[in-house]
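Working notes for the structure below.
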Amino acid sequence: MSEPVPTPETWERSPATAAPPPALVVPAPPTIRVRHLWHRFANRDVLRDVTFDVGAGEIFGFIGPNGAGKTTTIRVMATLLEPMAGRVEIDGIDVTLDPEAVRKVIGYMPDHAGVYDRITVREYLEFFADSFRVPSISVVDAVLELTDLGKLQDRLVAEMSKGMKQRLQLARILLHDPKVLILDEPASDLDPRARIEIRDLLLELRGLGKTIFLSSHILTELSDVCTSIGILERGRLVVAGPIHEISARLEAIRAAEAHGHAPPPRYVPPGVRALVPTPAAQGAPASPEIAGAPQAAPAASAPVPATDPSAPAAPPQPHVPAPVPPAPSVRRVKLRVLGNPEAAAYFLRGGPGIVEVSVLGGVVHVGYQGTETKIAEMVTHLVHRNIGIVGVEPERNELERIFLEVTRGDVQ
């Protein structure tokens, strides 16, 4: 008896040719994990239930005014201070249970760290390489090259500028090749050139796979480097997450307030603070609350009185028009062009999605509605009209807007 000829249906069901099931994608655990962190000095709580995560390879900006609790959080992460409550893990290691193991995977640079002035740059790094028990002294040469200090290796530390000393501090914490860098105000008191050099070095270190936790109260030095942020005020974490997600959430809240209702809740891990508007009472602005927290039960509605036939009829209510949806948000970009920028502005004005075009200092400033695809359309439009584009730069005011919108300016 001959074997049955397989049909296309049986061929597709054959185990030998069936497509494998899709692989289950498991998200990588956070490199830094902070849960319900509390700390107190005397009778004042400087940290109050702080919770956030920092993923591998991120540059996380920890933002807040002076006295908000940033340095206290960093000292706990660096195993220099034990929390009164809560848990902090670095690369899966609890900072309280095994501080020695944590110190092997972190590089900590405090604010205004001192240096030994009467030795050379190379002697300084060789001393700390020996203190860190680095197996090969050749690592000093690699660190000197990475931080661009090779030409200064024979100079006394006392003769170096503030910016070069900060760069030397970064070189010191890189000697044992840490996985996580914890930096407290690394660009404080630096001149503009030194700030730019430190910023470029941080981006290079991230490219090498380092996770960087960066504390600062200067927003301009964070907007170009950070992938995620956390904003601290009066010891409480107001919001944390990727900058674009926070910005989108704020826009959703503004749109919901314009319609008189709250946006649908978004899933947030337990304990993580997120922007969730509370019901505004008598026009009071919404405030950030913990997502998923139990809300008070609504008050019971008052009983409706029976209608009295002898009572005069209620006057007709005026027609209330439906609320007008808010206009889409306007995004802005700066275009640097070859030739006459006024000609580029002329070709862009009146285009689809273009809200405003102006020329300031030889740079074309464009306000538009839409996604990044609109930027690509603008560039293509100008190139087809023989206008060369030499630079495209989104305006970097997003972080400042977020900070001003979610904080209140309170101090402890």
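The values are calculated or read from the model by the stated rules, or taken from the named source; none is laboratory data. The structure presented is a predicted model; accordingly, all values stated were derived computationally and were not measured. We place every Cβ from the backbone using ideal geometry, glycine too, and count neighbours over all the protein chains shown. Just so you know, the surface numbers come from the protein's heavy atoms only, side chains and all, with ligands and any DNA or RNA stripped out. Shrake-Rupley method; radii C 1.70, N 1.55, O 1.52, S 1.80 Å.
Computed values, structure above
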| quantity | calculated |
| --- | --- |
| Qualifying residue in the range 113-128 (condition: part of a helix (DSSP H, G or I), closer than 13 Å to H176 by Cα and free of Cβ contacts under 8 Å to residues at least 24 places away in the same chain) | yes |
| Matching residues in the range 357-389 - criterion: being open to solvent by 80 Å² or more (accessible area, probe 1.4 Å), within 28 Å of L222 (Cβ to Cβ) and more than 28 Å from the chain's Cα centre (by Cα) | L360, G361 |
| Inter-residue pairs, beta-carbon under 7 Å, first modelled with pLDDT of 90 or more and in the range 371-383, second part of a helix (DSSP H, G or I), 6+ apart | M378/L348; H381/F347; L382/A344; L382/F347 |
| In the range 93-110, residue nearest to V180 (Cα to Cα) [restricted to those that are open to solvent by 30 Å² or more (accessible area, probe 1.4 Å) and not in a helix (DSSP H, G or I)] | Y108 |
| Residues satisfying the stated conditions in the range 334-370, i.e. under 15 Å from G391 (Cβ atoms), touching a residue at least 12 places away in the same chain (Cβ under 8 Å) and not aliphatic (A, V, I, L, M) | K334, R336, G339, P341, G362, H365 |
| Members of the range 27-58 found to be surrounded by 16 or more Cβ atoms within 10 Å (Cβ to Cβ) and among the hydrophobic types (A, V, I, L, M, F, W, C), listed by number | I32, V34, L37, V46, L47, V50, F52, V54 |
| Criterion violated by R122 - all others in (1) within 22 Å of M160 (Cα to Cα); (2) within 32 Å of the chain's Cα centre (by Cα) satisfied | (2) |
| Qualifying residue in the range 152-160 (condition: assigned to a helix (DSSP H, G or I) and open to solvent by less than 50 Å² (accessible area, probe 1.4 Å)) | yes |
| The range 75-92, residues that are hydrophobic (A, V, I, L, M, F, W, C) and either surrounded by 20 or more Cβ atoms within 10 Å (Cβ to Cβ) or in contact with a Phe, Trp or Tyr (Cβ under 9 Å, 6 or more places away or on another chain) (or both) | V76, M77, A78, L80, M84, A85, V88, I90 |
| Test: residue in the range 213-228 that is open to solvent by less than 10 Å² (accessible area, probe 1.4 Å), in contact with a Cys (Cβ under 9 Å, 6 or more places away or on another chain) and in contact (Cβ under 8 Å) with a residue 40 or more places away in the chain | yes |
